[in-house]
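Scroll down for the structure; my scribbles are underneath it.
Nothing in this text is a laboratory measurement; each read-out follows from the coordinates by a stated rule. Since this is a predicted model, take the numbers as computed values, not measurements. Note: ideal-geometry Cβ built from the backbone for every residue, glycine included; neighbour counts use all protein chains shown.
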Amino acid sequence: MAAASDDSRAPENVVVIGAGPAGLTAAYALGRRGGHCIVVEADTVVGGISRTAEREGWRFDIGGHRFFTKVREVEELWHEILGPEDFLLRPRLSRIYHDGKFFDYPIQLGNAVKGLGLVESFKCGVSYVWVRIKRPKNTDTFEGWVASRFGWRLYNKFFKTYTEKVWGVPATEIQADWAAQRIKNLSLWKAVLNAVTPHKKTNVTSLIEEFEYPKLGPGMMWERATELVLDQGSEVRMSTWVTRIRREPGRAVAVDLESPGGVCSELPVDHVVSSMPLAELALILDPPAPEDVQQAAKGLHFRDFLTVALVVPKDRGFPDNWIYVHDKVKLGRIQNFGSWSPEMVKDGRTCLGLEYFVFEGDELWTMEDQDLVALGKRELSAIGLVREEDVEMGFVVRMPKAYPVYDEGYATRVETIRGFLADEVPNVHPVGRNGMHRYNNQDHSMLTALLTVENLFGEDYDTWSVNVEADYHEEQVGRKGEAQRVGTGRSAPVAPTKA
Ligand SMILES: Cc1cc2nc3c(=O)[nH]c(=O)nc-3n(C[C@H](O)[C@H](O)[C@H](O)COP(=O)(O)OP(=O)(O)OC[C@H]3O[C@@H](n4cnc5c(N)ncnc54)[C@H](O)[C@@H]3O)c2cc1C
């Protein structure tokens, strides 16, 4: 990519929608090359899903955010925005919590046998032998696929509850692709073989052991980025929604904004860099997009997310960054923010982030905050991690559209919208995660923004080619030469769908 410099070819009248990682990266990269823009952010805080929420002096993430990337430009940018004194290098530890015991993640045979005990391990073995004799009827579903490889007993213990929590549908309605991607070709038999013949493990890729983390959470990065963008002379308008994109044949010409109190204004545009959900973008065009594009937009779905942050005595925490909860409670994962950064906790206390995967408007989403805090306390106590009376205070943060869902037909819908935008409003540039309806982490979201800015200066990068691999990103795959072809250290795109 081109070096930073003042550039007389800088595009004018650029509006950036969203002050999350993608939007702020676009604004900053533009500013580095002498351009200016107006960033319009609907929320009161910057960082989007990568914000750090702050309540009564406690800082916590929307799910812990690891800074890990194989994209050199992104890594350099992180370190340009924050100094070395702002970064911590953190060890990664995450385990499964089930029935009062911790199990390694991913599951290791020896550790599992130790945790389950000999009798239960034997029963799991028998269950596996049985499933080899009488195979599940439908192995195209998540349930059938996993049960056929691990037996029903292990499936019920370690796979079913968590997966159903994440996607909010029965495991019989989730496609096997999700399991195939996460578990690859592992089975109980292969796990046994791996355990007894350690030299055969060589082709099993390892989990990322360390990652960087800003000492005050990911929001620190985006708060600082906002300051830099302002220093460059661009504007950041908070609490302001882009509600309409006006177009003429072949281009967008203006965006309508709405601020608190219903104050409306219009900005003329030569370019719009949009990190707002692609599904919403396609529906605010004026004149409206054709019916098929609107239908495609309405057919894109999301899984939403809420965090209940509870302050507890430090010794009630755990060394893991997070643990997966495979018990029959509603909570799916628990972060210990004290394990992410000692600077985010204080006075002998730590902050636990209880994560609930929800749908906007469902029972949990609409529950009063105090009831959610009470639920969080009850659940922590029910699984035996923290007693209710040990919780000093609690806060709730809801995050709509946390996960773009890859369901059946989603790719065609995205393609329909993308094709229409490219043909009819080529000066509207989708970037980021929901902006492209793609399971992008910060780094890939930022890369799409960096490439888009290059395109504003006349380059011709295909931003849609970023993060197209379907590899299991939790694994550290070998360097393949090209940034967009390697994993980033988090879960991969998924395909939950009705079977
Ligand atoms: C639980 C969880 C854990 C994660 N962990 C990691 C991790 O460990 N590492 C990692 O790198 N990534 C992680 N991610 C992914 C990361 O959060 C996203 O990749 C990143 O925030 C996407 O950036 P973005 O700018 O594209 O979108 P967003 O963060 O969604 O920001 C978009 C912004 O646009 C604004 N907006 C939307 N509509 C409008 C409108 N009409 N007008 C004005 N503004 C609008 C929104 O308010 C928002 O601020 C995680 C995500 C989740 C859900």
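Of note:
- FRET efficiency for the residue 291 to residue 137 pair, using the beta carbon distance and R₀ = 41 Å, is estimated at 0.55.
- Beta bridges per DSSP with both ends in the chain, % antiparallel, nearest 5: 75
- Each principal axis of the Cα atoms in segment 302-404 has its own extent, and those three values, largest first, are 36, 25, 24 angstrom.
- Here r is the Cβ-Cβ distance between residue 44 and residue 298 and R0 is 35 Å; the resulting FRET efficiency, rounded to 0.05, is 0.80.
- Histogram of C-alpha separations across the chain, 10 Å bin width, %: 4, 18, 28, 26, 16, 6, 1, 0
- Listed cross-link partners 165/377; 314/401; 70/314; 346/401 are compared with a 23 Å cut-off, the Cα-Cα value being larger for 314/401; 70/314; 346/401.
- Added length on full extension, which subtracts the Cα-Cα distance from 0.36 nm per residue, residue 365 to residue 346: 3.9 nm
- Note, ³J(HN,Hα) from phi for segment 85-93, Karplus 6.51, -1.76, 1.60, rounded to Hz, x at Gly and Pro: 5, 8, 9, 10, 9, 10, x, 9, 9
- For 101, 160, order by how many other beta-carbon atoms lie within 10 Å, fewest first: 101, 160
- Neighbourhood net charge (12 Å Cβ-Cβ; Lys/Arg +1, Asp/Glu -1) for residue 60: -1
- For segment 377-463, applying the loop criterion from DSSP together with a ceiling of 16 other beta carbons within 10 Å to the GluC sites (Glu not before Pro) yields 392, 408, 459.
- Contact order relative to length of the chain, as percent, for alpha carbon pairs under 8 angstrom and 6 or more apart: 23
- Tilt relative to the chain, helix 369-382 - C-alpha long axis, 0 to 90 degrees, to 10: 30
- Extension gain, residue 92 to residue 119: 0.36 nm times the residue separation minus the Cα-Cα distance gives 6.6 nm.
- For residue 264 and residue 126, a Förster radius of 60 Å and the Cβ-Cβ distance give a FRET efficiency of 0.35, rounded to the nearest 0.05.
- Local net charge near residue 339, Cβ-Cβ under 11 Å (Lys/Arg +1, Asp/Glu -1): +2
- Under-5 Å amide H pairs with residue 439, H placed in peptide plane, nonlocal only: none
- Counted charge near residue 76, where neighbours are those whose Cβ lies closer than 13 Å (Asp, Glu -1; Lys, Arg +1): -2
- Exposure proxy ranking for 133, 38, based on other Cβ atoms within 10 angstrom of each Cβ and starting from the fewest, stands as 133, 38.
- Each Lys and Arg contributes +1 and each Asp and Glu -1, all at the Cβ; summed about the Cα centre of segment 302-404, the dipole is approximately 260 debye.
- Rg [Å, one decimal], Dmax [Å, integer] - segment 278-318, C-alpha atoms: 20.2, 59
- Centroid-to-centroid separation of segment 10-81 and segment 306-347 [C-alpha atoms, Å]: 25
- Annotation for segment 298-395: trypsin sites (Lys or Arg not before Pro) lying in DSSP loop with at most 11 further Cβ atoms inside 10 Å of their Cβ are 328.
- Basic side chains Lys and Arg get +1 at the Cβ, acidic Asp and Glu get -1 at the Cβ, and with that the dipole of the chain about its Cα centre reaches some 2800 debye.
- Between 0 and 90°, nearest 10: helix 118-133 axis offset from the chain longest Cα axis: 70
- Label-to-label distance for residue 246 and residue 283 is 2.3 nm, based on points extended 7 Å past Cα in the beta-carbon direction.
- Ordered by the number of other Cβ atoms lying within 10 Å of each residue's own Cβ, fewest first, 81, 245 fall into the sequence 81, 245.
- Here's the list of aspartates and glutamates a cross-link from residue 137 could span, going by alpha-carbon distance under 18 Å and ignoring same-chain residues fewer than 8 apart: 173, 177.
- 222 nm mean residue ellipticity, helices alone, for the chain (DSSP H n ≥ 4; -39,500 (n - 2.57); rounded to 500): -9000 deg cm²/dmol
- Rounded if a/c under 1.5, otherwise prolate or oblate - segment 219-321, Cα gyration tensor axes: oblate
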